[in-house]
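Report on one structure; see the data block that follows.
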Amino acid sequence: MPTAVIVDAVRTPGGKRNGSLRNWHAVDLAAAALDALVARNDVDPGMVDDVIMGCVMQVSEQSLNVARNAVLAAGWPESVPATTVDRQCGSSQQAIHFAAQGVMAGVYDVAVAGGVEAMTRTPMGSSVVRELGMPFGPRMTERYAAGGGLVNQGISAEMIADRWDLSRDDLDRYSLQSHQRAAAATSEGRFEPEIVPVPVLGDDGEPTGETLSVDEGVRPGTSLEALGALKPAFKQDGKVTAGNSSQITDGASAVLIMSEEKANDLGLVPRARFCAFALAGVDPVTMLTGPIPATRAVLDRAKRSLDDIDLVEINEAFAPVVLAWEKELHPDMARVNVNGGAIALGHPLGASGGKLMATLLHELERSGGRFGLLTMCEGGGLANATVIERLG
């Protein structure tokens, strides 16, 4: 069976809502990541067997197969196929799984996985057109009616905080750490190898002459007091606030995956290999606890323990997600989200899996670590988990 390897992984900076990327069309933002990926590696895009991209709100500017549209916008040959997948927040991590598994199956020699979400222009919830019906049909709704019914993710995060006895102070202290780590990583240039700088566009769609090269959401000057002053976002007496939740963000990511043999034939350096993949499903009410069983499953498949993992990237959808995962699995938190996470850096939904993979790959190389774990919760009670091994 061919070995699937990562040759490169890139991402755009995270643009805050109504920030520097607000005038970028999702197709063009995804194309910018694709452009950079082939340019950095001097790869002929015509040899790419498939492009698989994640996107959650597949409506309006992100509809009609945004991955295919991005390939064409990037000027790649029309012969290069592409498809778009939706596993909610884990969409581009799932795209990475599909691409790597295609290589391992011998179906692909070269594949690109990634994702995009222009959340300013296509906000969360855009794909639900109430006049045409709701996504949860009568039978699913009835199944969960006895326990209070299906709820939004913010309420799920509140339920998790209560179940694992997490205080507001716990959530805010974790969030402060995310900003502090992200600010330090930014000032030290840790993200520079993975970030593709993009021009800032004016309201007329033309470049302003400015370039965005860092994540806009990081708040180096925030404090526990400032976070503590924020009002609960989802329930009056709740603990979850905008400050301990992931940020609404515009962004795109792309990962170059191929067989180790093909990489060697092209004179490219395989930087990491895929060791194991796993999925998990949990109840769609609390919904955000999936990384707990997904982590256990992927470590079992990789025949590793959490002690063997040098770095972990777990998506900071909400602070309770990470802290509940910590309470169940007891990791060394000095190895977890070492450069901050989505609370500080943003969560561009469909792009986040590729974004976190780029961070994981580059930080393994910078730190000299060997094994990395990526996991994230997903709407509907799902989770992905991936273990990679740095090569070289």
**Q.** Residue pairs meeting the criteria (Cβ under 7 Å; at least 6 apart or on separate chains; first closer than 16 Å to Asp86 by Cβ and surrounded by 10 or more Cβ atoms within 10 Å (Cβ to Cβ), in segment 119-145; second at pLDDT 95 or above and among the hydroxyl-bearing types (Ser, Thr, Tyr))
**A.** Met119/Thr249; Thr122/Ser60; Ser126/Ser60
(Q) Just to check your reading of the model, which residue among Leu349, Leu373 is aliphatic (A, V, I, L, M) and either over 23 Å from Ala33 (Cβ atoms) or in contact with a Phe, Trp or Tyr (Cβ under 9 Å, 6 or more places away or on another chain) (or both)? (A) Leu373
Q. When you go through (1) closer than 19 Å to Val322 by Cβ; (2) touching a helix residue (DSSP H, G or I) at 6+ places or on another chain (Cβ under 8 Å) one by one for Ile248, which number turns out not to apply?
A. (2)
Q.
All but one of (1) within 17 Å of the chain's Cα centre (by Cα); (2) of a type outside the set (D, E, K, R); (3) assigned to a loop (DSSP other than H, G, I, E, B); (4) buried (at least 23 other Cβ atoms within 10 Å of the Cβ) hold for Trp24; state the number of the condition that does not hold.
A. (1)
**Q.** Selected residue (only one of Ala9, Ala31 is farther than 15 Å from Asp109 by Cβ, buried (at least 20 other Cβ atoms within 10 Å of the Cβ), of a type outside the set (D, E, K, R) and without any contact (Cβ under 8 Å) to a residue 60 or more places away in the chain)
**A.** Ala31
Q. From the set of residues in segment 311-325 that are closer than 21 Å to Gly238 by Cα and either without any contact (Cβ under 8 Å) to a residue 24 or more places away in the chain or β-branched (Val, Ile, Thr) (or both), which is surrounded by the most Cβ atoms within 10 Å (Cβ to Cβ)?
A. Val321
Q) So, of the residues in segment 71-100 that are in contact with a Phe, Trp or Tyr (Cβ under 9 Å, 6 or more places away or on another chain) and part of a helix (DSSP H, G or I), which turns out to be surrounded by the most Cβ atoms within 10 Å (Cβ to Cβ)? A) Ile96
Q | Enumeration of residues in segment 359-390 that are within 29 Å of Pro284 (Cα to Cα), out of contact with any Gly (no Cβ under 8 Å at 6 or more places or on another chain) and not polar (S, T, N, Q) | A | Gly372, Leu373, Gly379, Gly380, Ala385
Q: Among residues belonging to segment 219-275 that are within 19 Å of Thr186 (Cβ to Cβ) and hydroxyl-bearing (Ser, Thr, Tyr), point out the one that is surrounded by the most Cβ atoms within 10 Å (Cβ to Cβ).
A: Ser253
(Q) Of the conditions (1) surrounded by fewer than 22 Cβ atoms within 10 Å (Cβ to Cβ); (2) closer than 24 Å to Glu326 by Cα; (3) out of contact with any strand residue (DSSP E or B) (no Cβ under 7 Å at 6 or more places or on another chain); (4) not acidic (Asp, Glu), His179 satisfies every one except a single condition; which number is it? (A) (1)
Q: Residue by residue through segment 326-351, note down the ones that are in a helix (DSSP H, G or I), touching a strand residue (DSSP E or B) at 6+ places or on another chain (Cβ under 6 Å) and of a type in the set (Gly, Ala, Ser).
A: Gly350, Ala351
(Q) Where the second residue is assigned to a strand (DSSP E or B) and hydrophobic (A, V, I, L, M, F, W, C) and the first is at positive phi and lies in segment 229-248, which pairs have Cβ atoms under 6 Å and are six or more apart or on separate chains? (A) none
Q: Check segment 296-306 and report whether any residue there is among the hydroxyl-bearing types (Ser, Thr, Tyr) and in contact (Cβ under 8 Å) with a residue 12 or more places away in the chain.
A: no
Q: Please note which strands (runs of 3 or more DSSP E) are completely contained in segment 195-289 and include at least 3 residues that are under 19 Å from the mean Cα position of the chain (by Cα).
A: 249-259, 272-281
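The values are calculated or read from the model by the stated rules, or taken from the named source; none is laboratory data. Quantities reported herein were computed from a predicted structural model and do not represent experimental measurements. So basically every Cβ, Gly included, is an ideal-geometry build from the backbone, and we count neighbours across all protein chains shown.
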